[in-house]
Amino acid sequence: MASQADTVIIGGGVGGTALGALLASAGQRVILVEKNRIIGGRCASYTRDGFVVDVGVHLFGLGEKGPLGEVCRRAGEPEAISWVLARHPRVSVHFRGQTQAFTREMMSANVKKNELGNLARIMLQVMQMKEEELSRLWHTPLREWLAGFTADPSVHGLFAMLCGIYFCITPEVASAAEFIRTLREVMAARSSAYPRGGCGAIPRAFQRILEKHGGEARLGCPAEKILIEQGRARGVMAGGEVIEAGRVVSNADIKATIGGLAGAEHFPSDYVQRIQGLTWTAHVVALKVALDTKVTDQKMIMYLPDLSEEEMAKLQRQYLEGGSLPMVAGGMLNSPTNFDPDLAPPGRQLIFFGTRCERHQDWGKWGEIMMDALCQVFPGIEKHVLWTALDSPDTVERYAGEEGNVIGVGQTVDQIHERRPHHQTPVKDLFLCSAEAGGHGIGTELAASSALELAEKLL
Ligand SMILES: Cc1cc2nc3c(=O)[nH]c(=O)nc-3n(C[C@H](O)[C@H](O)[C@H](O)COP(=O)(O)OP(=O)(O)OC[C@H]3O[C@@H](n4cnc5c(N)ncnc54)[C@H](O)[C@@H]3O)c2cc1C
């Protein structure tokens, strides 16, 4: 006999599990099917030799105060995720052999002296802009908005870096309104954090809420087909079994959902064309290093590559405008065990290092480049390495599809606000919920806010 549910959710990423928690806690019968044996998609954690290791390299911009915390509050479990703030000790910067605490002055030190006034004007606008003005900037590229203040490359370079960290796209295509809103929220909340238990503790917390309210999460259970009859979604074929449901929500790759799981023949051709033409965000390669001793108390270190002025200007131009990136390590180093020591056996440490890369590169060479960078930050570290693992875009693709991009559908001027894919598809009772439909903010928070928006519509 077929299983029955009010809602069947395909995919146990942040968006899928968050929606599952929200619907189940509101009394709905929910079945979630996840193709992997581990819950969480890009935000999963796995164990290796007593260490808890994340897929990717995560920090959560708004922590408890953001949509991830809001899912827990709305589901009646405000304490379901235990957050550790990132700001004690404050982030450091490693540049040319020196590690120093990151200060606001340091940020402006990279901006030309005669541009500091413009930088201050931009920040004032970010903090004080009225909603009405903001709503006029949804489809204005961030770069164009900044150009209204200055053409100086040092100011544009600074915002290109922030835009890359938040959205993994360039200011040339990023929505100015989405950037301003997000930067303002992160600065006002001062609650960037990481969860105890690793990043996978977030989808696990949502899964627990779902199960507590009678829902079911089937792991290692790939959905093979969305069942559609007379223009209406009726259920899912998953793990060789039919699950009948009043509605189907997909948290899986949007292009695979429409073109493969549901079948393009069920949708108007312009809708299919639009979905298949969506653009993803950029790619990141992440090195994970397990150490037999603790080498730092620091939670986060920004690693800046040691390049000549000319090379740095070229790199900044690539970040600003796009174009093929050189294999140069530069990005965020973090130690999850300094947020939660229980992620490693006693006395041991984990260090993660993420840096932007192209989709297809020599991953062995990337591993060496990133390890060299780590040896500069922590001289002698190589004597303490138990093992290393490299998460390339291939790893992300295995976990979550979408050509291994970092976030999902890019928050570009043509894919934001009313131009973003809607939760509701043209097929009745078939919905989308992920970092690819609706939502706002950074990565996991984009996915969680997609779930909050959809839950509000459905309940
Ligand atoms: C290297 C890296 C660094 C990142 N850093 C950050 C960060 O610092 N902060 C931040 O907030 N975000 C960060 N992100 C982004 C963030 O992880 C993602 O944007 C977010 O987790 C996406 O959630 P989602 O709901 O779209 O689900 P996804 O992660 O896309 O998961 C989709 C799920 O659907 C499942 N699925 C697919 N097909 C099927 C099928 N047929 N049947 C069943 N299940 C299926 C997949 O297995 C997967 O579990 C990072 C990501 C990466 C890769």
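Points worth noting:
- Computed about the Cα centre, the dipole magnitude for the chain is approximately 740 debye when only Lys and Arg (+1) and Asp and Glu (-1) carry charge, each at its Cβ.
- Shape descriptor for the stretch 142-292: Rg over Rh equals 1.06 (Cα atoms; Rh from the Kirkwood inverse mean 1/r).
- Extension gain for TRP363 to GLU224 (0.36 nm times residue separation, less C-alpha to C-alpha distance): 46.9 nm.
- Cβ-to-Cβ counts within 10 Å put THR17, THR7, THR388 in ascending order as THR388, THR7, THR17, the fewest first.
- Projecting the Cα atoms of PRO341, MET371, CYS357 onto the charge dipole of the stretch 282-398, computed from C-beta unit charges around the Cα centre, puts PRO341 farthest toward the positive end.
- Listed residue pairs exceeding 21 Å between alpha carbons, taken from LYS112/LYS314; LYS288/LYS365; LYS225/LYS428; LYS255/LYS428; LYS212/LYS457: LYS212/LYS457
- Measuring between their Cα centroids, the stretch 237-274 and the stretch 405-428 lie 16 Å from each other.
- Computed from the C-beta positions of THR293 and LEU162, the FRET efficiency with R₀ = 45 Å rounds to 0.85.
- Length added when fully stretched, GLU403-ALA147, from 0.36 nm per residue minus Cα-Cα: 88.9 nm
- When the Cα gyration tensor is reduced to axis lengths a ≥ b ≥ c, the ratio a/c is 1.5 or higher for the stretch 282-398, and with a/b above b/c it is classed as prolate.
- Prolate/oblate/rounded call for the stretch 220-263, Cα gyration tensor, a/c under 1.5 rounded: oblate
- Backbone N atoms of the stretch 27-42 closer than 16 Å to the 7 Å Cα→Cβ label point of ASP6 belong to residues 27-32.
- Taking the chain and dividing mean pair separation by its residue count, relative contact order in percent (alpha carbons under 8 Å, at least six apart): 25
- Length gained when the stretch ARG208-MET327 is fully extended (0.36 nm per residue, less Cα-Cα span): 38.7 nm
- Cα→Cβ-extended label distance, 7 Å offset, between VAL385 and GLN273, nm: 5.0
- Computed from the C-alpha gyration tensor, the three semi-axes of the ellipsoid equivalent to the stretch 104-187 are 19, 14, 12 Å, from longest to shortest.
- A Förster radius of 35 Å, combined with the Cβ-Cβ distance separating ARG317 from HIS422, puts the computed FRET efficiency at roughly 0.50.
- Taking a sphere under 9 Å around the Cβ of MET237 and counting the other residues whose Cβ falls inside, with K and R at +1 and D and E at -1, yields a net charge of -1.
- Anisotropy class assigned to the stretch 44-121 is oblate, per the alpha carbon gyration tensor with a/c at or over the 1.5 cut-off and a/b no larger than b/c.
- Note that the stretch 246-253 has calculated 3J(HN,Hα) couplings of x, 8, 10, 10, 9, 9, 7, 2 Hz, one per residue in order, obtained from phi through the Karplus relation 6.51 cos²θ - 1.76 cosθ + 1.60 (θ = phi - 60°); glycine and proline are x.
- Calculated FRET value between ALA264 and ASP342, using beta carbons and R₀ = 51 Å, to 0.05: 0.65
- Order of CYS72, CYS199 under a 10 Å beta carbon neighbour criterion, fewest first: CYS72, CYS199
- Taking N as its residue count, the alpha carbon Rg of the chain over 2.2 N^0.38 Å: 0.97
Every number in this text was worked out from the coordinates using simple rules, so none of it is lab data. Keep in mind that this is a model prediction, so the values were computed, not measured. Glycine gets a Cβ as well: all are built from the backbone with ideal geometry, and neighbour counts include every protein chain shown.
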